[in-house]
Every structure is written in C-alpha cells, then in structure tokens.
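Visitor: Here you go, one structure.
The values are calculated or read from the model by the stated rules, or taken from the named source; none is laboratory data. These numbers were taken from a predicted model, which means no experiment stands behind them. Here Cβ is always computed from backbone atoms with ideal geometry, including for glycine, and neighbour counts include all displayed protein chains. For accessibility, only protein heavy atoms count, side chains too; no ligands or nucleic acids. Shrake-Rupley method; radii C 1.70, N 1.55, O 1.52, S 1.80 Å.
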Amino acid sequence: MESQVSVTNKQGKAGISSTATSKDKLYRFLNRYGMLVILIALVILMSILSPTFFTTGNLLNIVRQMSVVGIVAIGVTIVIITTGIDLSSGSVIALVSVVTASLAHPDTYPVVVPILVGLGLGLLTGVINGTIISKAKIAPFIVTLGMMTAARGAALLFSDGRPIGNLSPSFLWIGQGDVVGIPVPILIFALVGVISYILLNKTKFGKYVYAIGGNEQAAIIAGVNVDKYKIFVYAYAGLLSGLAGLILTSRISSGQPTAGVMYELDAIAAAVIGGTSLAGGIGTIGGTIVGALIIGVMNNGLDLLNVSPYWQQILKGVIITMAVFIDSRKNRKS
C-alpha cells in the first residue's frame, strides 16, 4: 500500500513538475516571441478581413512606409536601453529635410553632397544631445525636448515655412528607386538593422550599452567611460534620424519643414511594443523591427477597412499602454 502511495506521489510530483515546466516553457516562449505571434496573428486577421491586404505590392508598401520610422526606432531603442529618451527625432528629420532639399537641386551639387550634409547634421544634433546629457547631467527628456523645439524652429526659419522642391532624379532614387524589385528604403532599413544588431550584440559598445542601462553606477565602478558611451549612443540615434530625413525627403520629392511630426512618438512606441524596457537594460533590434511592423500592419489594415484615423490613434494609444503595462509587470517579476 505504502509503495502504491509512494508511486502515486512520485507520479503526482512528476505531473506537477511536468506541468510547471510546460508553463515555464510557454511563458519563456511568449516572453521572447509574443510580439512576433501578435504580428503574425494581425497579418492573418487583416488578410481575412481585406482581400487586398495580403498581396506582394501591399506588403512591400507597408515595409516601405515603416522604413523611416523603423530606422529612427532602432536609434531610439539603443538610447532607451541606456535609460535615456530621444524626443528630437521628428524635428531633426524636418531640419535635415529642408537643408538637404536645398542642396539637391539638379545641376547644383553631386548627390553625395546633400547625403553627407544630411547625415552630418543628424550626427551633430545627436552629439549635442549626448554631450549636454552626459557632461551637464541634465535629464535626457529635457535636453531632447529642447532640441525638438530648436530643430523644428530652425527648419521653419531655414525654409521660411515653405516646402523646397525641384530635387534631382539621382536624389529621388534614394526614396523612390528599387533594386531587383525591392524598394531602396527597405534595403536601407534592412542594412541599418543588420549593422545595429552587430553593434549591439557583437561589440564592446553593445556590451557597455546594456551595462549602463542595467546599472550605471556598477558600470562606472567597472571602469566604463559612461559619458563617452552616452555621447556615442545619442550620436548614433541622431545619425539615424538624419538618414531617415534623407529617405523621407526623397520619397515625398520635397523638403518639408513640417516633416516628421509625431515620428519620435511612433519610434518610441515601436521600441516599447517590441519589448524594449523604459527602465533600461533590456531591448533588441529584432523586437523593435517587429514593433514597427505591428504599427505598420495595423495602420495599413485599418486604412483598407476604412476605419477612421481618429479610432486608429485611439487603438495605437491602447496598444502602447498595454505594452508598457506588460513591461512593468515583467520588471516586477524579475
């Protein structure tokens, strides 16, 4: 009898242990791939609801439209991992847009000139942000908010509040061309994703970024030059904002002082939806790309279903709030 009870208990424990293991596996799977599952579910749902959604042309259009925000979001992700924030991305896009457009007229400068000036301008704004944040010890929210206002004002002042058109065909190729049928913005987005992944996961820079976000004081004690790496992080984010400004200007065929409005919030949303923790130390490039695609699929699908843009904004706000809620729950458990 005792042996039967013993066997039963062992089986019961084994069953409980097996159930717990299955739950743990499911939790780990959803924790790692939950947003990818949601993206796939959204694609399936939209394909059922709209027959024009799941077509090659429309899917390429979604990725092309999200390329600009996705590139900005990758830079913002690295900033957030260090417990920072960058609110200036959208305004930097506008400033880069009008300055590069003024240099990209036909029969003026070679196309490489507006490209280098645009990237350099984005890099400069990032260096200014990073230097003030790290050296003056001012909160990133305040510094980048100031840059957001100043850059938008500079864009309006430079262009006198008017769009700048008449861009050269070689410059327009950046946002409107394609290579073997794949739009150039998508190829640039993919290249930025690969470079940023390597930077964050295979280099000393990435290791220090996670260390600073995980525990800044511990990183200082370990000998990490935190100020220098923070400047690098904001400089990289600024560089990617400059690149996004170039692509957007080329895609819409003009420099717009009002370009990039709300892009900073979309970029932060993509990072957070993709699993980047606002508490710092956690985040991946792949997750951010999935987050950007979720926003893109949602926007495109709701447009095809003729859902009001006002409702789209409300839905996006709900999803962002849910993502932050899930993030805070995960942080409490860890």
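Visitor: So, in region 234-266, exactly how many residues are at pLDDT below 95 and under 12 Å from ASP86 (Cβ atoms)?
Guide: Qualifying residue count for the region: 3.
Visitor: Identify, from the list ILE142, ILE78, the residue that is open to solvent by 50 Å² or more (accessible area, probe 1.4 Å), among the aliphatic types (A, V, I, L, M) and within 21 Å of the chain's Cα centre (by Cα).
Guide: Every option except ILE142 fails the conditions.
Visitor: Just one of PRO257, PRO183, PRO163 is closer than 27 Å to GLN313 by Cβ and more than 24 Å from the chain's Cα centre (by Cα); which is it?
Guide: Only one candidate qualifies: PRO163.
Visitor: Suppose we keep only residues that are closer than 14 Å to LEU39 by Cβ and not aliphatic (A, V, I, L, M) within region 266-291. Which one would you say is surrounded by the most Cβ atoms within 10 Å (Cβ to Cβ)?
Guide: If we filter region 266-291 for residues that are closer than 14 Å to LEU39 by Cβ, which is where we start, we get 270, 273-275, 286-291.
Right, trim to not aliphatic (A, V, I, L, M) and you get 274-275, 286-288, 291.
Details: GLY274: 26, GLY275: 23, GLY286: 14, GLY287: 23, THR288: 29, GLY291: 32.
Looking at residues that are closer than 14 Å to LEU39 by Cβ and not aliphatic (A, V, I, L, M), I get GLY291.
Visitor: Which residue is nearest to PHE141 (Cα to Cα), if the candidates are limited to region 89-109 and must be open to solvent by 20 Å² or more (accessible area, probe 1.4 Å) and assigned to a helix (DSSP H, G or I)?
Guide: That would be LEU95.
Visitor: Please list, ordered by residue number, the helices (runs of 4 or more DSSP H) wholly in region 163-265 having 2 or more residues that are open to solvent by less than 30 Å² (accessible area, probe 1.4 Å).
Guide: Hits in region 163-265: 169-176, 184-201, 204-214, 226-252.
Visitor: Give region 1-47 a look and list any residue that's of a type in the set (Lys, Arg) and modelled with pLDDT under 55, or say none.
Guide: Selection gives LYS10, LYS13.
Visitor: Okay, moving on. Pick out the one residue from ILE85, ILE71 that is closer than 30 Å to ALA211 by Cβ, in contact with a helix residue (DSSP H, G or I) (Cβ under 8 Å, 6 or more places away or on another chain) and open to solvent by 20 Å² or more (accessible area, probe 1.4 Å).
Guide: ILE85
Visitor: Scanning region 129-145 for residues that are assigned to a helix (DSSP H, G or I) and without any contact (Cβ under 8 Å) to a residue 24 or more places away in the chain, which turns out farthest from ASP227 (Cα to Cα)?
Guide: Restricting to residues being assigned to a helix (DSSP H, G or I) and without any contact (Cβ under 8 Å) to a residue 24 or more places away in the chain, the top hit is ILE142.
Listed here are the residues, each with its yes/no results for (1) touching a residue at least 12 places away in the same chain (Cβ under 8 Å); (2) of a type in the set (A, V, I, L, M, F, W, C); (3) out of contact with any Gly (no Cβ under 6 Å at 6 or more places or on another chain).
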| position | (1), (2), (3) |
| --- | --- |
| ALA244 | yes, yes, yes |
| ARG251 | yes, no, no |
| GLY255 | yes, no, yes |
| MET298 | yes, yes, yes |
| ALA323 | yes, yes, yes |
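Visitor: If you go through region 40-86 one residue at a time, how many are among the polar types (S, T, N, Q), free of Cβ contacts under 8 Å to residues at least 40 places away in the same chain and in a helix (DSSP H, G or I)? Spell out the reasoning first.
Guide: Just the residues of region 40-86 that are among the polar types (S, T, N, Q), to begin with: 47, 50, 52, 55-56, 58, 61, 65, 67, 77, 82-83.
Then keep just the ones that are free of Cβ contacts under 8 Å to residues at least 40 places away in the same chain; that gives 47, 55-56.
Filter again for in a helix (DSSP H, G or I), leaving 47, 56.
Total satisfying the criteria: 2.
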